Structures are given as C-alpha cells and as structure tokens.
1. Against the longest principal axis of the chain, how steep is helix 356-366, in degrees 0 to 90 to the nearest 10, with axes from Cα atoms?
2. Considering the options Gln221, Ser64, Gln401, tell which one lies farthest towards the positive end of the dipole of the chain, charges being +1 on Lys and Arg and -1 on Asp and Glu at the Cβ, about the Cα centre.
3. Gln121 to Asn338: extension gain in nm, 0.36 nm per residue of separation minus the Cα-Cα distance?
4. Output the antiparallel fraction of DSSP beta bridges having both residues in the chain, as a percent to the nearest 5.
5. Any idea what the relative contact order of region 2-132 is, in percent, if you count C-alpha pairs under 8 Å spaced at least 6 apart?
6. Over the Cα atoms of the chain, what radius of gyration and what Dmax do you get, in Å?
7. Looking at region 219-309, which trypsin sites (Lys or Arg not before Pro) are DSSP coil and have at most 16 other C-beta atoms within 10 Å of their C-beta?
8. Set the bar at 25 Å for Cα to Cα. Now go through Lys148/Lys255; Lys171/Lys208; Lys38/Lys331; Lys38/Lys190; Lys54/Lys254; Lys216/Lys259 and name every pair that lies beyond it.
Amino acid sequence: MNLVWLRRDLRIQDHPALAKALEDNTCKAQILYIATEKQWKKHNESDISIEFRKRRVNQLAIESGSIGIKFEKTSCETFKNIPELLLNYCMKNKFRNVYFLKETPFDETQRDEDVISTLTQHSIEVHALDYDLIVSQPVLSQNYQPYKVFTPYYKKWLTMIENPKQWLKYKIRKSLKPITNAIPFETDVKFDSKLSNWQISSYEIHQKLENFCNNKIENYQQDRDYPALNSTSMLSPYLSFGMLGPRQCLNIIKKTYDKKNKDWKQDFWLRELSWRDFYRQIMIHFPHVSKNKNFNRTINVHWDYRPDLIEKWQNGETGFPIIDAAMRQLKETGWMHNRLRMIVAVFFTKILFQDWRVGEKWFMENLVDGEFAANNGGWQWSASTGCDAVPYFRIFNPYLQSQKFDSEGTYIRRYVPELMNLSNKEIHNPTKSSRKICHYPEEIVDYKSAKNRTIHLFKQSAT
C-alpha cells in the first residue's frame, strides 16, 4: 500500500506524488491529511484561511472518493508530533511507501527531514518529490549561485520552462468503483459570507482559471493596478494552498496564446507566477528569511514601535483614504488588491516607520491567501530589506497613488463610505472641514516630514 501525504497541495489532478503512488496498477494508494491547528496558529495563519483550508479538505474527501481513492484525516498539535504520528499510522495500516511534495519554509523543511529519518529507520520508503513550483529545480546563475535579483532569474527561468519536463500532466486514473469517504472537518457558518467568492470544488476552481485566461489575461498588465476594476486573476487563495497546480496554470496560458498565434512567454501573468517561484526559491537558498531575519543583513535600521499608529493602520483609520480603504477591505473580506498591498506596506514601513515584521504578521492573520514566502517577500521588498527590494528612497506618495489608480474614487467610496459625497478630486485628500463633516480623521502623520525622516534614518544605517 502507498500513502500520499497532502499538505499545501490540496488537489488531486496534476499532483505528481499521487500520480507516482498510482503508477503501479497492482498497488493501491490512500491519501492522508494531517491537521496541525496549533502549528497553523504559530505560523500566524488567519481564521479565514484555516476555514477555507478545512472546506477544501472536505471537498477533496468527496472528490477522491468519486474516483475510488480513500481519504483520511488525522490531527496533532505541531510539526514536532508528525514523525511519530505518521510512523504509527503507517505501521498500523501497513503502508510501505509514503509520497509527498517538498515544501520550502524552514519549519516545513525540518519537519520533512525528521519524517524521512523516522520512517526510513523502520524500513518505510519515503518519496519526497520536487517542490510544487513551475520550475522546481534550482534556478542558478552561470556561477552556479542562486539569483538574488528577479530580472536575471526570470530570464533564466523562461529558458527552463521550455524543457518538455515542465509540461508533464500528471493525470489520475479513475477507479471502477467509487467509495464514500468521511467528511474530515466541521465547518463554521460565520465565515460563509467572507468565503462566498471563493469556490472549493476542483471543477469551479479550474473554470475560474480558464475564465481569467480567456477573458482577462491579455489586458492583465494594463488593468491589474486599478483596484476598482475586476481585472486581476483572483486565483491567489487557490495557488497559496496548492488547489491549482503549476502545470495547470502553465498549460492554459500556453493554450490561450497558441489559439491567437501569440508568444505565450510574453504574458505578464506568467511573470507574476515566476515571482511566486522566485520567493519560494529564496526560502530554499537563504533559510534565514524564514526566521524573522532581513534578507539583506547589511540593513540595520531601528524601527519605531508605536502601538497607537499600528492600531490605526490596522483599523483603516490613518486619515489617508486609499490606505484606509485597503485596510478595511482586508478586514471585511480577507483579501486585498495586490497594488494596494504594496502601497500599504510601504506606508507602514516608510511613512509610519514601523517594523515590517509587524505588518507581515497582520497580513498573515487576516488574509485568506496568506502564503509565507510571497507575504514575506512582498513585505521585505516594501521595507527595502529584501532581495531585489525597492530602494529605500523610493517611497510611494499615497495621495498620488490614489489619484493615479483610483482617479474617480470608486474604490475609496466602496470601503470608506463616509467620504461618499466628496468630489472625485477631494476624495483623495479631504480638506480639514470636509474631514470634520464626514467624521473622517486627520492624517496620523505628515507624509512629507515622515518620508524625509525615513530617508535620513536609512542613510544613517548604511554608514
């Protein structure tokens, strides 16, 4: 018997470990999911993302049963408990092979090393397959060094995805006899409204991918920065939990462009998917970023700690309309537009001068699509502590960003309704009298002086 251990790869189709476990028709395979809720909380995962994960696991139990694959769930508190739990489970159920996909953060890597050591000592063969990336093998320079800058990484990455191996489709054969699996988790109805926009069935998720590629992908580069538009893929939660596989995305991008006789390698969404690979590979090559450390160890600024400012930022009460709209969207929906994630992160670190780790943690505690590598990479980029980060002197002006990307104030009005009746011009920076009438707060800091102070402090830290 072969056991397939799922983690943040919550799918059946395009799953290399499951396909490998089923290669030999004489062998049966079973799927196991191990819930570690205390560990999830230790990793600052949000309640909404945990609920989303649970609902997807329930759906996988149904979908795997429909093709005759047994699906079970068990639980323990933390990663440290998993090796013994998995060993006992294998011994009890006579599994001689365990298959899983490797993961990139340090804690997950350590967990998997402990599992391999424990199981192999008891003659259970472990098959730890490549990372769940578009390009899972290391992307290295001519000097065989990992890239620290995205653009040369991306150029090399593009050449590597031309390898036919990247296009393999891992199809799962169907059983002649469907079975009924138990539903693993109880779900919480209080999340129903927040999760109403996020599908959990494999068919619906794949339809969402196809709809994006068929209808939005060509205009993605020019429209993606405007939060009032429904122009982004809205696929991030599925990618975060591996509900969509990398080859599924890659194949449909190529299929979409081939239909129009266009070069699929010029697609901008493909570039965004490469950023996901890049940040995950950074975790592999530079494990200190998994330990609350600056990627760039030469940056040594001493951040302020102002709980009052942090709380106002968290609640969307900064007095900067575009910032407040974004932070309220996060709180109300568990999601935030990508352009705004950058704007609010730069505001938090460069204008409020608060530690990026505090902002990173808040995002993880509230996002439905919180994924450690991408979140860490984005925050360190914004704080100028990361790989290929924005220069410390490049500080987004929230007023100009608002005017440029929400010129008519449509997005602001959606999430800061007290400003609803202001003009399209004034809504980006209301006058003192308008703020008073609208019961909207004054700015918690002066943008210009805060920007100049940040530049000065970064310069000092470099000397």
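Just so it is clear, none of the values below were taken in a lab; they were calculated from the coordinates. All of these numbers come straight from a predicted model, not from anything done at the bench. Positions of Cβ are generated from backbone atoms using ideal geometry, with glycine treated the same way; all protein chains shown enter the neighbour counts.
1. 60 degrees
2. Most positive-ward Cα: Gln221.
3. On the way: separation 217, 0.36 × 217 = 78.12 nm, distance 4.57 nm.
The Gln121-Asn338 span can extend by a further 73.6 nm.
4. 5 percent
5. Details: 175 pairs, mean separation 38.8, N = 131.
This gives 30 percent for region 2-132.
6. For the chain, the Cα radius of gyration and maximum Cα-Cα distance read 23.4, 77 Å.
7. Numbers: sites: Arg224, Arg247, Lys254, Lys255, Lys259, Lys260, Lys262, Lys265, Arg271, Arg276, Arg280, Lys291, Lys293, Arg297; in loops: Arg224, Lys260, Lys262, Lys293, Arg297.
Passing both the DSSP loop test and the Cβ count: Lys260, Lys262, Lys293, Arg297.
8. Working: Lys148/Lys255 31 Å; Lys171/Lys208 20 Å; Lys38/Lys331 23 Å; Lys38/Lys190 21 Å; Lys54/Lys254 32 Å; Lys216/Lys259 15 Å.
Pairs exceeding the cut-off: Lys148/Lys255; Lys54/Lys254.
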